[in-house]
Amino acid sequence: MYPYPLFLDVTLYDVLVLIGVIAAFFVFVLYADKLKLPKKIQILVLISAVVGVGLGFVAAGLVQSIYFYIENGTFKWQGMTFYGGLIGGAAFFLGAYFLGGYLWFRKSETPNLHLKHAMQTFGIVICAVTIAHAIGRIGCLTAGCCHGEVFEEARWYTLPIHRITNSGKLLRIEHAVPIPMYETFFLLDLFALLSWRVLKRKGDALPMYMVLYGVWRFCIEYARADDRGETLLNILSPSQLTAILMILGGVALFVVYYKVIKKREQKSE
């Protein structure tokens, strides 16, 4: 773990988040070209993604600041939380995609082009999000945040944390469950699975992501050590409640896709 600045105020966390964003755009362009997604849709997605990513980072920082306020009573703009960025970024992305698509294609020969390719497009996008998230979690590991339970002695599933003073003097060595590392492994596996579905031209990658990541996040929260507040249900953390909503939304989207969208696609062929 190396949470210290590399130059100016830039840390390894910042560098890895940037690499994740670059990887996401690379994956999108690569998959979109391979699946021959119309160029106008690609341009629409990239413009929507810039809006979504930019405002998603703001949402991620805002939600993290709210967590700091709940925990410490002070509003401090520092760090980011994935759920805040995902929900905020997704909302802005979808708004830009559907509104931009409507305005762009409404007077064209294919007024519903963005709707026709929506599920395929969102599948590619969620692959890009997943690889960015995997790399970003490595950043969390370097920053020493989002870890799990801390022990005084080493265990086979822990990594050492060196507690030092501002002057660099070693205070003690603790051993924490490296949740970001485990999540990186899971996300890379999920990225491979989603990529396989997308490149096979299946339209269920988005609901598959929502269900699988929701289940993973719900379970892994039990190993988290940092308190992110409470919900109306005391037995659930905010992340677990969000995970449940994500799972339910994914199941609903599965049903809609296979019962409605896919049947319409087959009739139009």
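For the subset of the stretch 33-57 comprising residues that are touching a residue at least 60 places away in the same chain (Cβ under 8 Å) and of a type outside the set (A, V, I, L, M, F, W, C), which member is most open to solvent (accessible area, probe 1.4 Å)?
Residue satisfying both the conditions and the ranking: Lys34.
Just checking, does the stretch 145-166 include any residue being open to solvent by less than 40 Å² (accessible area, probe 1.4 Å), at pLDDT 90 or above and under 20 Å from Val15 (Cα atoms)?
No, the stretch 145-166 contains no residue that is open to solvent by less than 40 Å² (accessible area, probe 1.4 Å), at pLDDT 90 or above and under 20 Å from Val15 (Cα atoms).
In this structure, does Leu86 turn out to be open to solvent by less than 80 Å² (accessible area, probe 1.4 Å), at pLDDT below 75 and within 24 Å of Trp196 (Cα to Cα)?
So Leu86 fits the description; yes.
From Leu194, Leu187, which residue is modelled with pLDDT of 95 or more, among the aliphatic types (A, V, I, L, M), over 20 Å from Gln120 (Cβ atoms) and crowded, with 20+ Cβ neighbours inside 10 Å?
So the residue among Leu194, Leu187 that is modelled with pLDDT of 95 or more, among the aliphatic types (A, V, I, L, M), over 20 Å from Gln120 (Cβ atoms) and crowded, with 20+ Cβ neighbours inside 10 Å is Leu187.
Of the residues Leu115, Leu30, which is at pLDDT 90 or above, open to solvent by 70 Å² or more (accessible area, probe 1.4 Å) and of a type outside the set (Val, Ile, Thr)?
Only one candidate passes the filter, namely Leu30.
Just give me the residues in the stretch 116-167 being more than 21 Å from Ala24 (Cβ to Cβ) and outside any loop (DSSP other than H, G, I, E, B), in sequence order.
Selection gives Lys116, Gly148, Val150, Phe151, Leu159, Pro160, Ile161, His162, Arg163, Ile164.
I need the full set of residues from the stretch 94-107 which are over 25 Å from the mean Cα position of the chain (by Cα) and open to solvent by 40 Å² or more (accessible area, probe 1.4 Å), in order please.
Of everything in the stretch 94-107, those that are over 25 Å from the mean Cα position of the chain (by Cα) and open to solvent by 40 Å² or more (accessible area, probe 1.4 Å) turn out to be Tyr102, Leu103, Trp104, Arg106, Lys107.
Return yes when Tyr182 is closer than 26 Å to Ala24 by Cβ, at pLDDT 75 or above and either open to solvent by 30 Å² or more (accessible area, probe 1.4 Å) or among the hydrophobic types (A, V, I, L, M, F, W, C) (or both) and no when it is not.
yes
Would a scan of the stretch 54-66 turn up a residue that is part of a helix (DSSP H, G or I) and at pLDDT 85 or above?
no
Which of (1) at pLDDT below 85; (2) in a helix (DSSP H, G or I) does Tyr102 not meet, given it meets every other one?
If we test Tyr102 against (1) at pLDDT below 85; (2) in a helix (DSSP H, G or I), just (1) comes out false.
The values are calculated or read from the model by the stated rules, or taken from the named source; none is laboratory data. Since this is a predicted model, take the numbers as computed values, not measurements. Neighbour counts run over all protein chains shown; Cβ positions are idealised from the backbone, glycine included. Areas reflect the complete protein model, heavy atoms only, side chains present, ligands, DNA and RNA absent. Shrake-Rupley method; radii C 1.70, N 1.55, O 1.52, S 1.80 Å.
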